[in-house]
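Trainee: Take this structure, written in structure tokens, and hold onto it; I'll ask about it next.
Here, each number is a calculation from the coordinates, and none is a lab measurement. All values reported here derive from a predicted model rather than from experimental measurement. Cβ atoms come from the backbone with ideal geometry, glycine included; neighbour counts cover every protein chain shown.
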Amino acid sequence: MPVYNLKINGKSHDVEADQDTPLLWVLRDHLDMVGTKFGCGIGQCGACTVHVDGSATRSCLLQVSMIKDMEITTIEGVSDDISHPVQQAWKEIDVPQCGYCQAGQIMSATAFLKQNSNPSKSEIRDAMSGNICRCASYNRIEKAVELAASKMS
Amino acid sequence: MKNIVPPSFSRRSFIRTSALASGGILIGFNLFQACKPEAAPPVDISQLNFNDFNAFIKIADNGMVTIFSPNPEIGQGVKTSMPMIIAEELDVAWDNVLVAQGALDTNNFTRQVAGGSQSIRFGWEPLRQTGATARQMLINAAAAKWGVDASECKTKNGVIINANGDTLGYGEVVKEAAALEVPENVTLKDPKDFKIIGKDASNVDIDKIITGTSLFGLDYKEEGMMYAVVLRPPAFGKKLEDFDATETKAITGVHDVIKFGDKVAVIAKDTWTAMKGKKALKAKWVSDSKLENTEDHDKILTDLLNGTAFKTMRADGDVKKAFAAADKVIERTYESPFLPHNCMEPMNFFADVTADKVRLVGPIQTPERTASRVAELLERDVKQVSVEMTRMGGGFGRRLYGDFALEAAEISKLAQKPVKVVYSREDDMSAGIYRPAIKYKISASVKDGEITGYHLKEASVNSNMYGLIPNFFPAGAIENYQVDVANYDSKITTGAWRAPYTNFLSFAEQSFFDEIAEILEVDRIKLRLDLLQKVKGTTDERIQYSPERLENVIKVAVEKSGWGNAKEGVYQGFSAYYCHNTHVAEVADVVLENDIPVVKKVTCIVDCGIVVNPLGAKNQIEGGVIDGVGHAMYGDFSFKDGMPENKNFDTYRLIRINETPIVETHFIENDLSPTGLGEPTLPPAGAAVANAIKAAKGIRLYKQPFIKHMKSKAPLG
């Protein structure tokens, strides 16, 4: 079985896995980084969102053989001390209900705010529409992204 | 289901204490029944078990309070709100309270069930009494130390103060308190003195959630554990005839392929390999009964509604007579499809079955029932079975059923290994325990402008309505009133889905009253309020709702939503409902964008008694409303040849952030005991939206999901 060298949250990892193994399962089962969640496996729900070279990407669709030399950031690597403005905003607004989708929501929000630091409400809604929250904490997600944007500006 | 009234026990019977070897006092309490005579909390904190107690409070000698609560958390916030109630009566600062998930190692727990929005309602009194009892014991210990009367002492934020102004921290008297008798009579705080209850508190797991720390069942792993992915019959009504696992077994990392019943488990070193192994299985299925289709159900339910095979759930007066004497009879039919739960965390469970123990770990709303079912399945003594609950990535009713835990136990037994069963989204949506497809026919008789008769007929797949619901509004408000049900026995598994039974009933009834008001040309609010006047002072003890509280939420909704004064282009719809002991009114604001109705806002008025944690409560309310709007608009699930036609989010639509209304919440302030919030804001949402769409487009919706039926111009009822 091939061995892949992955750069995740600034650290190098060697992983032995089939070439078609999605990054999601490499993170969860091989590297014990379980913050990235499995929701649908077809890129529809956003629970597995990570950053690949800074862009929000569905890790359930990304095969491990395709990410050589790319910088991967997961929820575990957003900050060392919950200091990222998006995490702070999530905390202040008390966004989660069950909490399962929130890592994916936070990863989508952090990538989005990097590209658009002063978004309108409708831009926030569009940017976050790839992430399903079954508990429907959507009003708070919207508020938290707005708050995070104001913290970052 | 019976209307269960929380029992009241003497304090001594449900609270026990011990002095911890490491310092501090440990208070064990049993919320819903008396403790066994021999029950005593351990002296070593690592030996906590929940056999005899629901939860523990530890007060350390530095005054820090830790509450060990095993109550399952599915996102409804009880892991935060229940400890708040204890801390309030204990009179400690919320910042000095830690909440730890109590790891369960037991088979004997009561009411550790998250369902029916009842945790807070049932827990309210006993949790308060527990906190107050602990506080009194600390006071008694301090008073003895000072040689003063306990009645001269008071407390403030974890400090006991006597008449001379001397102070002792709780931590300074825990050792003495642990040796005291549990007092029999304690005084509860006056709600106006609450300092924690009624104040916003963040989710106690927030830091773990936003850093991706392991919390959920799917995150659970231990040394030597294997992953199991299961091939189940592809359709309801099919059985496994034969299978070929040659290709599966050739995959590196696949350890075993095991048949159990009509299912085949692929056991592998990781989830992905197990999923690939399942795909490579070649199975032959045979039908052992007729394969059902949504079109068949449609016809069957219509025939049931038009037939005579009804069971009467409640009958007042004589509807037949009322209808015969009527000036006008209004009759409408409402329909909804099956719905899957679609918890974001797909079903999963860990099991380790060994010769002398059965260890189960995972997300489950009903650990006690699951433990006994697993014991029965494996022919083990239930005392050998332990269940540890993880945080749950949603429940919505699905995790009341332990089918996935039974699978895990059976596979672990056969594989002789610790295994975790993992469902894919397709597995989760196809092996569901769905909200049944339902039709309602509602008829009302009108005489001299008054509603004289009301006849609700329900036809549902398997079963739906149960005992208490026929006593909800409008029971008691209409002299001649009857509720009849007829069911069709299907192979498709159905069960509780968030706000079971009322999630669709509320849509039907609140749409019906809206239409009656239009037909009778009376104000829609007045029609509802007039009906409620007739229930006031009722001596009918079966009536579940309070007409006064329902009237109040309706009036406040009118005021807060600007009902009748909407801006140009904004169309409003009204709905009010009682369920899960909570009274709710909602007003939906709809606008037309390119002639398509868009729900912009929902004003939601909630009377749930005392609001323990407004921050968490509002989250539940917002979620419930949006969930109600989402499923009414988009939820569509059908069967063809016994097989679900929707298996993942590409073909099953859930509401997304760009489609959500802003929810504006207002609470009715009162001192009444709190009631649940996980469910009651969902049922009224569908009718509020449908009634607003009627106002906007002139189209009256009778079927869910609206998106499918909105375009039709033909009368659908």
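Trainee: Among B:PHE349, B:PHE404, B:PHE706, B:PHE236, what is the fewest-to-most ranking by other Cβ atoms within 10 Å?
Mentor: So the ranking, lowest neighbour count to highest, is B:PHE236, B:PHE706, B:PHE404, B:PHE349.
Trainee: Only counting other Cβ atoms within 10 Å, I'd like A:VAL52, B:VAL587, A:VAL145, B:VAL286 sorted with the fewest neighbours first.
Mentor: By the 10 Å Cβ count, ascending: B:VAL286, A:VAL52, B:VAL587, A:VAL145.
Trainee: Which far-off residues, 5 or more places away or on another chain, put their amide H under 5 Å from the one on B:LEU20, with H placed in the peptide plane?
Mentor: Sorted by chain and number, the residues that satisfy this are B:ILE25, B:LEU26.
Trainee: Let me ask you something else. Among A:SER12, A:SER65, A:SER129, which one moves the most in a GNM of chain A with springs linking Cα atoms closer than 10 Å?
Mentor: A:SER12
Trainee: Using just the Cα positions, wrap region B:211-292 in a convex hull and report its mean projected area in square nanometres, one decimal place.
Mentor: 7.2
Trainee: Could you state the per residue volume, in Å³, of the convex hull enclosing the Cα atoms of region B:116-174?
Mentor: 82
Trainee: Count, for each residue of B:212-224, the Cβ atoms from other chains sitting within 10 Å of its Cβ, then give me the mean as a whole number.
Mentor: 4
Trainee: Also, I was wondering about something else. Farthest toward the dipole's positive end in region B:560-717, which of B:ASN594, B:ASN581, B:ASN613, given Cβ charges of +1 (Lys, Arg) and -1 (Asp, Glu) about the Cα centre?
Mentor: Checked the options; the winner is B:ASN594.
Trainee: OK, next. Using +1 on the beta carbon of Lys and Arg, -1 on that of Asp and Glu, and nothing else charged, what's the dipole of chain B about the Cα centre, debye to 20?
Mentor: That gives chain B a dipole magnitude of about 1060 debye.
Trainee: Comparing A:GLU71, A:GLU16, A:GLU142, which has the greatest mean-square fluctuation in the GNM of chain A with Cα pairs linked when under 10 Å apart?
Mentor: In this elastic network of chain A, the residue with the biggest mean-square fluctuation among A:GLU71, A:GLU16, A:GLU142 is A:GLU16.
Trainee: Most mobile of A:ASN116, A:ASN131, A:ASN139 per a Gaussian network model of chain A (Cα springs, under 10 Å)?
Mentor: A:ASN139
Trainee: Show log10 I(q)/I(0) for region B:447-538 at q = 0.11, 0.12 Å⁻¹, two decimals, from a solvent-free Debye sum over equal Cα scatterers.
Mentor: -0.38, -0.45
Trainee: Something else now. Measure of size requested: the Rg and Dmax of chain B, with Cα atoms as the atom set and Å as the unit; please supply both.
Mentor: Both quantities, over Cα of chain B: 27.5, 84 Å.
Trainee: Ranked highest first by average number of other Cβ atoms within 10 Å, how do B:311-318, B:211-218, B:599-606, B:448-455 line up?
Mentor: Highest mean packing first, the order is B:599-606, B:211-218, B:448-455, B:311-318.
Trainee: Here is a further query. Can you tell me the mean projection area, over all orientations, of the convex hull of region B:271-409's alpha carbons? Units nm², please.
Mentor: 15.0
Trainee: Right, next: So if we plug the beta-carbon distance of B:ALA250 and B:VAL329 into 1/(1 + (r/R0)^6) with R0 = 56 Å, what FRET efficiency do we get, rounded to 0.05?
Mentor: The calculated FRET efficiency here is 0.25.
Trainee: Return the Rg/Rh value of chain A, two decimal places, where both radii are evaluated on C-alpha atoms and Rh is the Kirkwood radius.
Mentor: That ratio is 0.97, to two decimals.
Trainee: Sort largest first and round to whole Å: the equivalent ellipsoid semi-axes of region B:395-440, each the square root of five times a Cα gyration tensor eigenvalue.
Mentor: For region B:395-440, the ellipsoid semi-axes come out as 27, 11, 8 Å.
Trainee: On average, how many beta carbons from a partner chain sit within 10 Å of the beta carbon of a residue in B:265-278?
Mentor: What the average comes to for B:265-278 is 3.
Trainee: How much mean residue ellipticity at 222 nm does chain B get from its helices, if each DSSP H run of length 4 or more adds -39500 (n - 2.57) and you divide by all residues, to the nearest 500 deg cm²/dmol?
Mentor: Theoretical 222 nm ellipticity from helices: -9000 deg cm²/dmol.
Trainee: Within 10 Å of each Cβ of B:341-347, how many other protein chain Cβ atoms are there on average?
Mentor: The per-residue average across the peptide is 6.
Trainee: Let me ask something additional. Once fully extended, how much extra length lies between B:GLU645 and B:ASP523, figured as 0.36 nm per residue of separation less the alpha-carbon to alpha-carbon distance?
Mentor: 39.7 nm
Trainee: Follow-up question, since we're still on this one. Stick to the Cα atoms of region B:352-393, pair each with every other, and give me the Kirkwood hydrodynamic radius in Å at one decimal.
Mentor: It works out to 10.4 Å.
Trainee: Next up: Grab the other residues whose beta carbon is less than 14 angstrom from that of B:LEU20, score K and R as +1, D and E as -1, and report the net.
Mentor: Summing Lys and Arg as +1 and Asp and Glu as -1 gives 0.
Trainee: Moving on to the next point. Would you mind telling me the antiparallel percentage of the DSSP bridges in the protein assembly as shown, rounded to 5?
Mentor: Taking every DSSP beta bridge within the protein assembly as shown, about 75 percent pair in antiparallel fashion.
Trainee: Another one. Where the only charges are on Cβ atoms (+1 Lys, Arg; -1 Asp, Glu), what is the dipole of region B:212-272 about its Cα centre, to the nearest 20 debye?
Mentor: The calculation lands at about 200 debye.
Trainee: Using the 10 angstrom Cβ neighbour count as an exposure proxy, how do B:THR167, B:THR246, B:THR17 rank, fewest first?
Mentor: The order, fewest Cβ neighbours first, is B:THR246, B:THR167, B:THR17.
Trainee: Please list the equivalent ellipsoid semi-axes of region B:207-344, computed as the square roots of five times the alpha-carbon gyration tensor eigenvalues, in descending order and whole angstrom.
Mentor: 50, 24, 12
Trainee: Write down the Kirkwood hydrodynamic radius of the protein assembly as shown, to one decimal in angstroms, obtained as one divided by the mean of 1/r over all alpha carbon pairs.
Mentor: By the Kirkwood definition, the hydrodynamic radius is 28.7 Å.
Trainee: Looking only at chain B, where both bridge partners belong to it, what percent of the DSSP beta bridges are antiparallel (to the nearest 5)?
Mentor: 75
Trainee: With both bridge residues required to lie in region B:298-436, what share of the DSSP beta bridges run antiparallel, to the nearest 5%?
Mentor: 65
Trainee: With +1 on the Cβ of every Lys and Arg and -1 on the Cβ of every Asp and Glu, and nothing else charged, how large is the dipole of the protein assembly as shown about its Cα centre, in debye rounded to the nearest 20?
Mentor: Once rounded to the nearest 20, the dipole reads 1040 debye.
Trainee: What Kirkwood hydrodynamic radius do you get for region B:399-474 when you take the inverse of the mean 1/r over all pairs of distinct Cα atoms, in Å?
Mentor: Final number for the Kirkwood radius of region B:399-474 is 16.9 Å.
Trainee: Give me the net charge of A:ALA144's neighbourhood, meaning all other residues with Cβ under 12 Å from the Cβ of A:ALA144; Lys, Arg count +1, Asp, Glu -1.
Mentor: So the environment of A:ALA144 carries a net charge of 0.
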